[in-house]
Amino acid sequence: MLLRDLRYALRSLGRSPGLTAALVATVAVGIGTHAAVGGFINGLLAHGLAVPDASRLAGVYSRDAEGQQAGTGRAHGLGAGG
């Protein structure tokens, strides 16, 4: 049953090569993006920042009209010290 379904799926993809190319490209981009982001996050969490004396890094903040913090210059909790 599974083999029959697989053959049917391959025949269907063979009938529409444009759709097949788009599907393969989409899956390839998704896998590549997942691997790149996963590797980046893993490296950052596992090894911290690759700079000497990371504890001396400074954060840059801005305030809105009410004096509330509006943004940060670094991500908190990702091994960036402090």
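The values are calculated or read from the model by the stated rules, or taken from the named source; none is laboratory data. Values in this document were obtained by computation on a predicted structure and should not be read as measured data. Cβ placement follows ideal geometry from the backbone for every residue including glycine, while neighbour counts extend to all protein chains displayed.
Within the set Gly14, Gly39, the sole residue that is loosely packed, with under 10 Cβ neighbours inside 10 Å and free of Cβ contacts under 8 Å to residues at least 60 places away in the same chain turns out to be Gly14.
Among the residues of the range 55-78, is there at least one that is among the aliphatic types (A, V, I, L, M), modelled with pLDDT under 90, in a loop (DSSP other than H, G, I, E, B) and surrounded by 11 or more Cβ atoms within 10 Å (Cβ to Cβ)? Looking through the range 55-78, at least one residue is among the aliphatic types (A, V, I, L, M), modelled with pLDDT under 90, in a loop (DSSP other than H, G, I, E, B) and surrounded by 11 or more Cβ atoms within 10 Å (Cβ to Cβ).
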